[in-house]
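Derivation of every value follows stated rules applied to the coordinates shown; laboratory data play no part. Treat the numbers as computed from the prediction; the structure is a model and nothing was measured. Positions of Cβ are backbone-derived with ideal geometry, glycine not excepted, and every protein chain shown enters the neighbour counts.
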Amino acid sequence: MTVLHLPLRISRADAAQHFWRVRFANLYGLLRARPMKQLPGGVPDSLELVWMPAYAVRLTLSKGTSRSDAWVSVDASFGGFALFEREGILEEGVLDEECFPAIIGEEEAESLARQGLLKYVLRRRGVKPLIEGVEEVFFYYQPVWVYYYYRSGTKIDLAVSDGYTGSPMGTQLRIAIVNALIQNRKEAAEARSL
């Protein structure tokens, strides 16, 4: 099935290098997190690309007689809000890796987009524009690299990184990925039991 998605700009090798890099937090490599799987030579292989759902919402703003548009993004798995400047680079294509389903519907995404933009506008100085309405909403997927590793013995943890920018992603997205993996496992167990 063809879907809209952000292009994947960070390769598997670059993502592995990001997660496995030497830095102060791991005492310059002495306390690196042990990956769940390793290739011969000790290179970590417990890295997976997943596609997380999101909505892009275009809202109309007015300030006096001038009108403008603002694009925002609402994460469809936990409702996170962000200004969105990548609507022009979205691509259509078939995704081979795992695509997680949306938890939040389109109406709720519109409401969260309005609330998030209102909070953003209220923090700014000067004359504030009015949010008039939603012009356009579309669904897309964003690439996320997931690194599975052992934390303190045999406890498994994961770290996530944006597959478009390479920047680390927050705790809410980590929780959303864990919840989606648990849901997939439950569905697979139910399908086997039938």
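With R₀ set to 30 Å, the beta-carbon distance separating ARG86 from SER193 gives a calculated FRET efficiency near 0.10.
The lysines whose alpha-carbon is closer than 22 Å to the alpha-carbon of LYS186, local same-chain residues fewer than 8 away aside, are LYS155. Helix 171-193 and the long axis of the chain differ in direction by around 70°, with both axes built from C-alpha atoms. Compute the acute angle (0 to 90°) between the alpha-carbon long axis of helix 106-123 and the principal axis of greatest extent of the alpha-carbon atoms of the chain; round to the nearest 10°. Computed tilt is about 80 degrees. The length gained by stretching the chain between ARG67 and LYS155 to full extension, at 0.36 nm per residue less their Cα-Cα distance, is 26.4 nm. The length gained on full extension between ILE182 and GLU106, counted as 0.36 nm times the residue separation minus their Cα-Cα distance, comes to 25.0 nm. Give the calculated FRET efficiency between LYS37 and ASP96 to the nearest 0.05, with a Förster radius of 22 Å applied to their Cβ-Cβ distance. That pair, LYS37 with ASP96, gives E of 0.65.
Length gained on full extension, PHE139 to TYR120, computed as 0.36 nm times the residue gap minus the Cα-Cα distance: 4.6 nm. Going by a ≥ b ≥ c, the root eigenvalues of the Cα gyration tensor, does segment 125-194 fall in the rounded group (a/c under 1.5), the prolate group (a/b larger than b/c) or the oblate group? The shape class here is oblate. DSSP beta bridges fully contained in the chain are about 95 percent antiparallel. Over the chain, DSSP H runs of length four or greater, each weighted -39,500 (n - 2.57), average out per residue to a 222 nm ellipticity of -8500 deg cm²/dmol.
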